[in-house]
Amino acid sequence: MTRFILISLLILIQGTVTNGPTKIAGPTVIQTGLGGGGGGPSFVRDAFGGAAGACFHVLTCTTTSFTPAVGDYLAVFTATTGNAGTTTSATITDTCNSGGSTDTYTVLNQTSFAGSTVSTLAYAKIGAASSCAVTMTLVGTTSPQTAVIVQQIHGVNSSTPIEGSGGCGSTNLCSVQSQAAPGTGANLISSGSAGTPTVANSYVFTASIDVSNSNTWTAGTSPIVFTAHGNGNDGFVDLSWFDESGPWVSGAVSGTLSATGGAADAYVTAAVVFRP
């Protein structure tokens, strides 16, 4: 009997050594609130006011139609030239909500610059998936040339799309800057600092409008390497525009770009950071 027990214990010990330890799977990590397949928010499309990307001597300017996805966000930047126009403010609406009604726009910045130039930076969450357009309506006595730039962005945080509160210059991560003659060197056209994000994979929307001339553009390379999207002009050498986007990596954010002509031109440039 004793011999049988010893043999059984030996078999049990040998089996334990031969089979080795059992591997236990580690915890599953689930990331939430990230767009673009696990990265930050992503660019979907842009749209521009008027058939040529700008509107001429009218108080309303509507973009070409597009069909967005419910829950995506629209970033909008507009500006008027001082040419042949006196305007004081603008409102942004769209037909992208249920039944063609407008989404609710948050205006981050609206500024009147010298020469009757008015710029507006705003955003909204899309409420319905149907063909729609964005409209800027000016308040003023006469009507200038106008540029309207819209980006559709996917994967923005639905509860806190913008870090901070208030408008640009408050705690929100956004900025708008007017420059009289920044020159033609790399990254000289700038929105100014929009602050420093705290959330990795944040998305930086940048748009710039040359309110005095037709121009050609190059995407910014510092402090963010931007990707160029749309650009154009009004065909009358009075106004041109450009939009880009890029992922935040580290440090303070500003929207930068370059223009190959018009060293003495005037620009209005905006940047806003969207959270994943």
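Values quoted throughout were computed directly from the atomic coordinates according to the rules given, and no laboratory measurement underlies them. Because the structure is a prediction, the values reported are computed rather than measured. All Cβ positions, glycine included, derive from the backbone under ideal geometry; neighbour counts span all protein chains shown.
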Taking amide H positions as placed in the peptide plane 1.01 Å from N, state which residues far from Gly192 in sequence (5 or more) or on other chains have amide H under 5 Å from it.
-> Gly255
Rounded to whole angstrom, the alpha-carbon centroid of the stretch 194-218 lies from that of the stretch 137-174 at a distance of 12 Å
Run the quick spin-label model on Ser165 and Thr227: label points 7 Å from Cα toward the beta carbon, then report their separation in nm to one decimal.
-> 3.4 nm
From the backbone phi of the stretch 198-206, what are the Karplus-calculated ³J(HN,Hα) couplings (6.51 cos²θ - 1.76 cosθ + 1.60, θ = phi - 60°) in whole Hz, Gly and Pro given as x?
-> 10, 10, 4, 6, 5, 10, 10, 8, 9
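Can you tally the net charge around Asn157? Count Lys and Arg as +1, Asp and Glu as -1, for every other residue whose Cβ sits under 13 Å from the Cβ of Asn157. Working shown, then result.
Numbers: positive: Lys125, Arg275; negative: Asp72, Glu163.
Every neighbour counted, the sum reads 0.
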The stretch 121-166: Rg/Rh from Cα coordinates, Kirkwood Rh?
-> 1.03
Per-bin percent of Cα-Cα distances, the stretch 37-274 [10 Å] = 9, 36, 39, 16, 1
Say R0 is 45 Å: what FRET efficiency, to the nearest 0.05, do Ala69 and Thr260 get from their beta-carbon distance?
-> 0.80
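Test of understanding: what is the full-extension gain from Ser101 to Val139, defined as 0.36 nm times their sequence separation minus their Cα-Cα distance? Don't skip to the end; give the middle numbers.
Details: separation 38, 0.36 × 38 = 13.68 nm, distance 2.11 nm.
Fully extending the segment from Ser101 to Val139 adds 11.6 nm.
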Note, the stretch 146-156: 3J(HN,Hα) by Karplus (6.51, -1.76, 1.60, θ = phi - 60°), whole Hz, Gly/Pro = x, goes 9, 10, 10, 10, 10, 10, 8, 10, 9, x, 6
